[in-house]
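The values are calculated or read from the model by the stated rules, or taken from the named source; none is laboratory data. Quantities reported herein were computed from a predicted structural model and do not represent experimental measurements. Cβ atoms come from the backbone with ideal geometry, glycine included; neighbour counts cover every protein chain shown. Quick note on the areas: whole protein, heavy atoms, side chains included, nothing else; ligands and nucleic acids left out. Shrake-Rupley method; radii C 1.70, N 1.55, O 1.52, S 1.80 Å.
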Amino acid sequence: MIISRPQTGKVRTRRNFVMSFLVGLFLIAPWVVLPEGSPLIRLDIPRRVFHLFGGLFIPQEGLILWFFLLTMGLSLFFFTSVIGRVWCGWGCPQTIYTDLFDRIGRFVLDSKYGKKDASIVGKYTVYFLWIVVSFIASFHWIGYFVSPYEMLSDYVNFSFVNQTYFYFTLFFTAAMFIDIGFIREQFCRYACPYARFQTLLMDEHSWNVTYDFKRGEPRRDGKTKIGDCISCNMCVVVCPTGIDIRDGLQVGCVACGKCVDACTSIMARENKKTLIGYFSLKQIETGAKIKWIRPRTVIYAILLTVVITGAVIQLVTRTPMSMIAASNKSMPPILIPDNKIRAFVALRIQNIAPIEKEFQLSASDTRHGKEILIRSGEENNKFKLGSGEIKSISVVLETQPLTEQELNEGYLPGSIVLQNAEDPDERLEKKLSLTLPRR
């Protein structure tokens, strides 16, 4: 386990701001409830709905999920090719909480933090505070799946033991305590999948934490000054993963920028510019400006634009209702007097709007342009559903009188329409193929 030395500087100050914002956002978001009563963000697994910024999404909307995952993947590709491992150093929870754990350790143990001669009481105080932070973080993580208000009420009333979320919270608390407290940088170096393929996404033009070997090498040897690097090794001392950035781009580098601040402060004493900074390899080798527009960044940008455009179109044209219609296999269509066909259909309807709505059902014969009578057991075939509410009903369809020719056509193409009773333009149509009984 590596305990790196704390380092101040411009990069550290900017990272503090970004990390504080991200942690604050993570802790606040689960508690936010919109005016209509729906949470800002929540994946409600028992009800199989996903609340996101006032929208309600269901598993049947797989295309939207596909667009979301593809956007995340292509964003990772694009930004890594342009600005390197910015996610690892500035946004990854592993990096952020490791840094927070280190701050707690130094606050309690000061200079003894990470050393074997630290007091037992101090060590266990640090462990206790780490567990508290892990529990708070885990509680809020579960808050993205279960209402944090309900969980807090259960904890206050000591009625949480029989709740499933309690055991998930304990699991994630233990996992975070072990991972962030003891595994730490080993996860980044040996287990993180992103660290393995990030080198494939970057090239000599990617803007990343880089050592200026042309100025720095060869390094100072004793009192002999050759290159600008004075071999102070501060870049290694402050590195949270214990690598030497002077050896080039490595899997262990999370681009946190601590070595940049360390080298900047040391080189300032020599009245020289830092040897470690956010550069591109090509920039160091030739002194040329960074080439932001290049084949891979253009391809990633085009793909990302196409996917985001598709996602926006899908969201804008999305109908906030869901209906699954299936003919009753055990009760096939039958012929009734006056040459009418009666069919039995099972419907599963869900309101995926953030507010309660009233819906109305109708049906039609799409081949002959005739209305089909629908009986749902509801007055005027109207009913109300709350946000996310599901209604499963069986309806009876009855056609208009059919001619002999129409009865011999074998099947009857029809449709069932579900529409907002207050806004008829908001409608969802499901096609049906009714098998005509043989005569």
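Here are Phe26, Phe17, Phe21: which of them is aromatic (Phe, Trp, Tyr), in contact with a helix residue (DSSP H, G or I) (Cβ under 9 Å, 6 or more places away or on another chain) and at pLDDT 95 or above? Just a single option satisfies the conditions, and that option is Phe26.
Listed here are the residues, each with its yes/no results for (1) part of a helix (DSSP H, G or I); (2) under 13 Å from the mean Cα position of the chain (by Cα).
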{"residue": "Arg42", "(1), (2)": "no, yes"}
{"residue": "Pro46", "(1), (2)": "no, no"}
{"residue": "Leu56", "(1), (2)": "no, no"}
{"residue": "Met72", "(1), (2)": "yes, yes"}
{"residue": "Leu76", "(1), (2)": "yes, yes"}
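For Met267, the conditions (1) surrounded by 15 or more Cβ atoms within 10 Å (Cβ to Cβ); (2) among the hydrophobic types (A, V, I, L, M, F, W, C); (3) touching a residue at least 60 places away in the same chain (Cβ under 8 Å) all hold with the exception of (3).
The residues of region 44-61 that are in contact (Cβ under 8 Å) with a residue 60 or more places away in the chain and among the basic types (Lys, Arg) amount to a single one, Arg47. Considering region 306-338 alone, what residues qualify as being closer than 29 Å to Thr435 by Cα, in contact (Cβ under 8 Å) with a residue 24 or more places away in the chain and in a helix (DSSP H, G or I)? Passing the criteria: only Asp338. For region 252-263, state whether one or more residues are open to solvent by 30 Å² or more (accessible area, probe 1.4 Å) and over 23 Å from Lys289 (Cβ atoms). Checked against the condition, which is being open to solvent by 30 Å² or more (accessible area, probe 1.4 Å) and over 23 Å from Lys289 (Cβ atoms), region 252-263 yields no hits at all. Whenever a residue of region 6-26 is on the phi > 0 side of the Ramachandran plot, its partners that are open to solvent by 30 Å² or more (accessible area, probe 1.4 Å), lying with C-beta atoms within less than 9 angstrom and at least six residues away or across chains, give the pairs Gly9/Thr264; Gly9/Ser265.
Scanning region 284-305 for residues that are in contact (Cβ under 8 Å) with a residue 24 or more places away in the chain, more than 29 Å from Leu69 (Cβ to Cβ) and not acidic (Asp, Glu) turns up Ile284, Ile290, Lys291. Give the residues of region 415-439 that are closer than 25 Å to Ile352 by Cα, open to solvent by 70 Å² or more (accessible area, probe 1.4 Å) and assigned to a loop (DSSP other than H, G, I, E, B), sorted by residue number. Answer for region 415-439, where residues must be closer than 25 Å to Ile352 by Cα, open to solvent by 70 Å² or more (accessible area, probe 1.4 Å) and assigned to a loop (DSSP other than H, G, I, E, B): Glu422, Pro424, Asp425. Restricting region 376-414 to residues that are surrounded by 14 or more Cβ atoms within 10 Å (Cβ to Cβ) and without any contact (Cβ under 8 Å) to a residue 40 or more places away in the chain, the residue that is nearest to Leu52 (Cα to Cα) is Glu389.
Residue by residue, here is whether (1) open to solvent by 60 Å² or more (accessible area, probe 1.4 Å); (2) farther than 18 Å from Lys357 by Cβ; (3) acidic (Asp, Glu) holds:
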site	(1), (2), (3)
Pro30	no, yes, no
Val33	yes, yes, no
Arg42	no, yes, no
Arg47	yes, no, no
His51	no, no, no
Leu56	no, no, no
Trp66	yes, yes, no
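Ser153 meets the conditions (1) more than 29 Å from Phe57 (Cβ to Cβ); (2) among the polar types (S, T, N, Q); (3) without any contact (Cβ under 8 Å) to a residue 40 or more places away in the chain in every case but one. The failed one is (1).
The set of residues from region 127-184 being acidic (Asp, Glu) and more than 20 Å from Phe26 (Cβ to Cβ) comprises just one member, Asp154. Can we say Asp244 is buried (at least 16 other Cβ atoms within 10 Å of the Cβ) and either under 36 Å from the mean Cα position of the chain (by Cα) or in contact (Cβ under 8 Å) with a residue 24 or more places away in the chain (or both)? The answer is no for Asp244. All conditions in (1) under 25 Å from Lys258 (Cβ atoms); (2) touching a residue at least 60 places away in the same chain (Cβ under 8 Å); (3) open to solvent by less than 20 Å² (accessible area, probe 1.4 Å) hold for Val126, with the sole exception of (2). In the set (1) open to solvent by 40 Å² or more (accessible area, probe 1.4 Å); (2) in contact (Cβ under 8 Å) with a residue 24 or more places away in the chain, Gly181 fails one condition alone, (1).
If you go through region 76-102 and keep only what is closer than 14 Å to Ser134 by Cα and open to solvent by 50 Å² or more (accessible area, probe 1.4 Å), you end up with Pro93, Leu100. Listed by position, the helices (runs of 4 or more DSSP H) enclosed by region 224-288 that each have at least 1 residues that are at pLDDT below 90 are 281-286. In region 392-431, what count of residues is obtained for those that are among the polar types (S, T, N, Q) and under 16 Å from Ala326 (Cβ atoms)? Count: 3.
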